[in-house]
Amino acid sequence: MKDIDRIHGFKLLKKVDIPETDSVAWTFEHEKSGARLFFLQNDDDNKVFSISFRTPPVDDTGVAHIVEHSTLCGSRKYPLKEPFVELVKGSLNTFLNAMTYPDKTMYPVASRNDKDFQNLMDVYLDAVFYPSMRENPQVLMQEGWHYEIESPDEPLTYSGVVYNEMKGALSAPDDLLESRIMASLYPDTTYGHESGGDPEAIPQLTQEQFVAFHSRYYHPSNSYIYLYGDMDIESKLAYLDEEYLTHFDRITVPSQIDRQPAFSEVVRRSESYPVSADEDTAEKTFLSLNWVTGDSLGARDMMGLEILEHALLRTAAAPLRKVLIDAQLGKDVDSNFEDDLLQPYFSIVINNAEADRAERFYTLVMDTLRKLADEGLDRTLMEASINLLEFRLRESDFGSAPKGLIYGIRIMKTWLYDGEPETYLGYESVLKEMKAGLDTGYFEDLIRRLFLNNTHRTLLTLAPSKTMAAEREAEQEKLLAQKKAAMSPAEIESVIAATKTLKERQQSPETEEALKTIRC
């Protein structure tokens, strides 16, 4: 492919060497369908494929999360109820999963075996483009939500995989805090919605809305295809073109991520999380101070913030952490720099605190940051944080996760927002700037720009409530009782029959004919 311009329906847009990953990066566009493709060519035999879609939610129904689950429940070529359960049994994969983010859905796989890798690709591509969920309402019932009742005398209830999962997740204070932080920082954009789904909103999702979400976003024109490793790329491009992409025409997909307008002053919010009626609520409140910090396309400041988080909050000698611990506002200090968004955010959290300590917490953080910016950061501390990040980048050791997978997630920090996909793979020049920044006051300036002078911030308290869970359950029981009362006897029997049919489907074994499709 040394001198190619077009190949198998793909137009080459860019080719660059990336020494940091020992790779050559090829950026393509499929001319007929509009699909984007990024190939990271190297000699790694642990090959990775992923297809991702920009999927910004517009409500809290969790439709993006439910569609992610549901595409994996059978497709045109693989008409099994759960093809991925069978894949796990027989595949040689080194990674097999799917992930819903606040603004995208990713379907990555990895394998060292060429035949297995090709099979995994095909199962995933057929799943996202031709899923059974579009025609079979039982998929939404199973993966999303459904009314459940087994006899006319029983109360009506809700059930479903994502419904039950999110009911558990948003009862946990850590998960609920993250959701409330994002809602506080991004009230006017997609990031203000719960992409996983709020249990109170999930039952509002209809089959029509469910299918419409897939129709809108799961098109090649809204796709980001990633290939990594040592492979015959020409055959892969030919396969992608002939088997899938050539069957679609380019369209305009309304999936643009809007930026949240900056706040003019700090926003204060008080929220609650459920605890049991007999639990002691003393010093069980979370305090969090949060900022929207720049733009994911600005790789320089994003690395700077990663270094600052470690230096200020992640070590025993971290000055901001020490001030907060010494103030005895709570039991521990935590932080989170979330940069897998168009507008990343930075949070400082005190746990096991009390709500009336929030203003002292806020003042301490701001005063300490101002002092650090004015008097200068400890050079030895900053050098240690830079050196640690440099070591991690050079080692590319991500535990059990294939490094090609992590690179594939990393490129989405810019690619999803129409930036260059390779931006976060090459780090040498930015590291050099970080080291030079020790002498130019870069980090002190970063504190001023993105924390002290940045009014897009929220002060959030998340306090325990002994009555919250019971009140929610009572409200849901009342709502479901009203819905049941409004049903005719025939409608109740229809729900009973649907519940029975769904359970029979779930308990029935896969047919041998269906199993043969996944074993080919």
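Our note on the geometry: Cα centres of region 34-95 and region 203-218, 18 Å apart.
Estimated from the Cβ-Cβ distance and a Förster radius of 22 angstrom, the FRET efficiency linking K503 and Q204 is about 0.40.
Would you please state which residues of region 100-136 a label at I4 would reach in this model, taking the label point 7 Å out along Cα→Cβ and a backbone N cut-off of under 18 Å? Residues passing the 18 Å test: 118.
Residue exposure proxy: K236, K516, ordered by other Cβ atoms within 10 angstrom of their Cβ from fewest to most, comes out as K516, K236.
For the pair region 384-460 and region 483-515, the centres of their Cα atoms are 50 angstrom apart. Of the GluC sites (Glu not before Pro) found in region 225-316, the ones in coil according to DSSP and having at most 14 other Cβ atoms within 10 Å of their Cβ are E265, E279, E283. Label separation (A327 vs F398): 3.6 nm, computed from points 7 Å beyond Cα along the C-beta direction. In whole Å, what is the distance between the alpha-carbon centres of region 308-348 and region 360-376? Region 308-348 and region 360-376 have Cα centres separated by 13 Å. In this calculation the C-beta distance from Q256 to E475 is compared with R0 = 30 Å, giving a FRET efficiency of 0.25. Extending 7 Å from Cα along the Cβ direction at D356 and again at S276 yields two label points whose distance is 2.8 nm. Our Cα-only numbers for region 267-465 put the radius of gyration and Dmax at 18.1, 56 Å.
The stretch between V24 and T315 holds 101.1 nm of extra length on full extension. This uses 0.36 nm per residue minus the Cα-Cα distance.
Lys-Lys pairs in region 267-465 that are eight or more residues apart or on separate chains and whose Cα atoms lie under 25 Å of each other come to 11. Spin-label model, E234 to K432: label points 7 Å out along the Cα-to-beta-carbon direction sit 3.6 nm apart.
Here the chain carries DSSP beta bridges of which approximately 80% are antiparallel, counting only pairs with both residues inside. Residue separation of D59 and D445 scaled by 0.36 nm, minus their Cα-Cα distance, works out to 135.2 nm of gained length.
Here, each number is a calculation from the coordinates, and none is a lab measurement. Note that the coordinates shown come from a computational prediction; the quantities given were computed from them, not determined experimentally. A quick note on method: Cβ atoms are made from the backbone with ideal geometry, for glycine too, and the neighbour counts reach across all protein chains shown.
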